[in-house]
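First up is the structure itself, then whatever we jot down about it.
The values are calculated or read from the model by the stated rules, or taken from the named source; none is laboratory data. As the structure is a prediction and not an experimental result, all values here were calculated from the model. Here the Cβ is made from the backbone with ideal geometry for all residues, glycine too, and neighbour counts use every protein chain on show. Protein only, heavy atoms only, side chains kept; ligands, DNA and RNA dropped before computing areas. Shrake-Rupley method; radii C 1.70, N 1.55, O 1.52, S 1.80 Å.
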Amino acid sequence: MEIDLVTQSGWIEANGTRFYYEAQGTGEPLLLIHGLNLDTRMWERQAAVFAQTYRVIRFDLRGMGRTPIGEGPYTLYGDARAVLEGLGVKRAHVVGLSFGGTVAQEFALAWPEMVKRLVLVSSGLLGHPRSERRQRDAGRLAEQFESGTREEAVELTARMWFDGPDQPVNTEAGEARESFRLMTAHAYSLPPVTQMPAWLSPLPKDRLEEIQAPTLVIAGGRDYEDFLQIADELAARIPGAEKAVLEASAHIPPMDQPEAFNRLVLDFLGRK
């Protein structure tokens, strides 16, 4: 039987900006960190399901969704901590997708005592080289921004990341693909980020062996090869890490394969 859950939403003022957040459920805290040019909406197929067991917290990263870029120097892992502290959370499970996986790595290294379990999904890894195919597609996208329309850029982005490189359009995903397109269109309408975050030093790539939290690495079989390589490296170097590949998924498994993704995550988080 599903529990009737009320979503709490609002703003947390910290670190020179204000973070939009949503929280659902009453169990152990579970922080969801979205990917680049996405926002809290990408977790729609997870929030209510996970909130049957956990207190699910999601927020818009700085300069994305409804969170302004703000002023002054910042770190993204510091922003994640500020959101948790603003909600009175001292320790949480942490799930990060893509760019959000990079933030989750930094967070787990900066404050290991705050992370109970870690899930890295299609995760980036600062310093890892880009594949030739990804560089090619990034160049095509840059050309679209220069000479095409925003709609064309949005569709090319969906082809790259939601469908997967050189894959057919994922018509089976239906509403999820359109939701991805809407988030991308919103991101492309926002002012460009002019001040980049300060990254954790040394970079996570140089200290993956220091991650203490039990870790699950999830990759999509239709993703760019560099992300599959990153998944292999994360699983090999993070002590005790497990890896799962969703073969029918591209870069956004929580959206394009939500049922399979949710089962993997809930099984991992539920272990003693």
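Table for the structure above
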quantity: Label point distance in nm, Arg150-Ala185, each placed 7 Å from Cα along Cα→Cβ; calculated: 0.9
quantity: Apportionment of accessible area to carbon and sulfur, region 72-167, percent (1.4 Å); calculated: 47
quantity: Point-charge dipole on Cβ atoms (K/R +1, D/E -1) for region 181-252, about Cα centre, debye to 20; calculated: 280
quantity: Point-to-point label distance, His128-Lys116, nm (Cα→Cβ direction, 7 Å offset); calculated: 2.7
quantity: Computed lengthening from Leu36 to Leu203, 0.36 nm per intervening residue step minus Cα-Cα distance; calculated: 58.2 nm
quantity: Debye, to nearest 20: dipole size of region 8-142, +1 on Lys, Arg Cβ, -1 on Asp, Glu Cβ; calculated: 380
quantity: Charge dipole magnitude, Cβ of K and R +1, D and E -1 - the chain, Cα centre, debye nearest 20; calculated: 640
quantity: For peptides 186-195, 78-87, sequence by mean Cβ density within 10 Å, most packed first; calculated: 78-87, 186-195
quantity: Protection proxy ranking, peptides 23-31, 214-222, average beta carbon neighbours within 10 Å, highest first; calculated: 214-222, 23-31
quantity: Surrounding net charge for Arg58, when Lys and Arg each add one and Asp and Glu each subtract one, Cβ distance under 14 Å; calculated: -1
quantity: Residue among Ser201, Ala185, Gly220 farthest towards the positive dipole end of the chain, charges placed on Cβ; calculated: Ser201
quantity: Mean accessible surface per residue for region 22-124, computed with a 1.4 Å probe while every protein chain stays in place, in Å²; calculated: 30
quantity: Mean separation of Cα contacts under 8 Å (6+ apart) over length of the chain, as relative contact order %; calculated: 19
quantity: Euclidean distance of C-alpha centroids, region 208-260 and region 128-192, integer Å; calculated: 21
quantity: Per residue accessible area of region 155-204, 1.4 Å probe, in Å²; calculated: 54
quantity: Percentage of interatomic Cα-Cα distances in the chain larger than 33 Å; calculated: 14
quantity: Surface share of carbon and sulfur [accessible, 1.4 angstrom probe, percent] for region 168-235; calculated: 53
quantity: Separation of the Arg66 and Val169 label points, Cα + 7 Å toward Cβ, nm; calculated: 3.1
